[in-house]
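The values are calculated or read from the model by the stated rules, or taken from the named source; none is laboratory data. What you see is a predicted model, and the numbers here were worked out from it, not measured in a lab. Neighbour counts are summed over all protein chains in view; Cβ atoms, including those assigned to glycine, are modelled from backbone coordinates with ideal geometry.
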Amino acid sequence: MVQFEFRPQWKEELLCSCALGSFTLDMPMGVMSVYLPIKAGWHEVAPPWASELWDTLHHQLHAWCEEKKIPLYFC
């Protein structure tokens, strides 16, 4: 199973990385939150290697956000 790591970085981004590669999600700092594209739209914006990993990403990102007390929204 793919294991994602999450790291906030400047410019209001959350770096999501794993052994297959990395990408960023929006993470506004004014009101700290994370935005994940909905599953139906994920294939259009995800890197090709991650297009089938939405469920895994969602599960791990949800747990990370809960631990950090950061709201997770879908866009």
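Results for (1) in a strand (DSSP E or B); (2) modelled with pLDDT of 95 or more; (3) touching a helix residue (DSSP H, G or I) at 6+ places or on another chain (Cβ under 7 Å), shown as yes or no for each residue.
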site	(1), (2), (3)
Val2	no, yes, yes
Phe6	yes, yes, yes
Met29	no, no, no
Tyr35	yes, yes, no
Glu52	no, yes, no
Leu61	no, yes, no
Glu66	no, yes, no
Tyr73	yes, yes, no
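Report the residue count in the range 18-38 for those that are exposed (fewer than 13 other Cβ atoms within 10 Å of the Cβ) and either within 18 Å of Met1 (Cα to Cα) or within 12 Å of the chain's Cα centre (by Cα) (or both).
Of the residues in that region, 4 qualify.
Quick one: is Leu53 among the aliphatic types (A, V, I, L, M), out of contact with any Asp or Glu (no Cβ under 9 Å at 6 or more places or on another chain) and surrounded by 14 or more Cβ atoms within 10 Å (Cβ to Cβ)?
Details: among the aliphatic types (A, V, I, L, M): yes; out of contact with any Asp or Glu (no Cβ under 9 Å at 6 or more places or on another chain): yes; surrounded by 14 or more Cβ atoms within 10 Å (Cβ to Cβ): yes.
Yes.
Report, by residue number, each residue of the range 9-24 that is in a strand (DSSP E or B), out of contact with any Cys (no Cβ under 6 Å at 6 or more places or on another chain) and at pLDDT 95 or above.
Residues of the range 9-24 in a strand (DSSP E or B): 9, 13-18, 21-24.
Still in the running and out of contact with any Cys (no Cβ under 6 Å at 6 or more places or on another chain): 9, 13-18, 21-22, 24.
Of everything in the range 9-24, those that are in a strand (DSSP E or B), out of contact with any Cys (no Cβ under 6 Å at 6 or more places or on another chain) and at pLDDT 95 or above turn out to be Glu13, Leu14, Leu15, Cys16, Ser17, Cys18, Gly21, Ser22, Thr24.
Pairs please, first residue from the range 21-40 and at positive phi, second anywhere and surrounded by 16 or more Cβ atoms within 10 Å (Cβ to Cβ), Cβ atoms under 8 Å, 6+ apart in sequence or on different chains.
Going by the 8 Å Cβ cut-off, the qualifying pairs are Gly21/Ala50.
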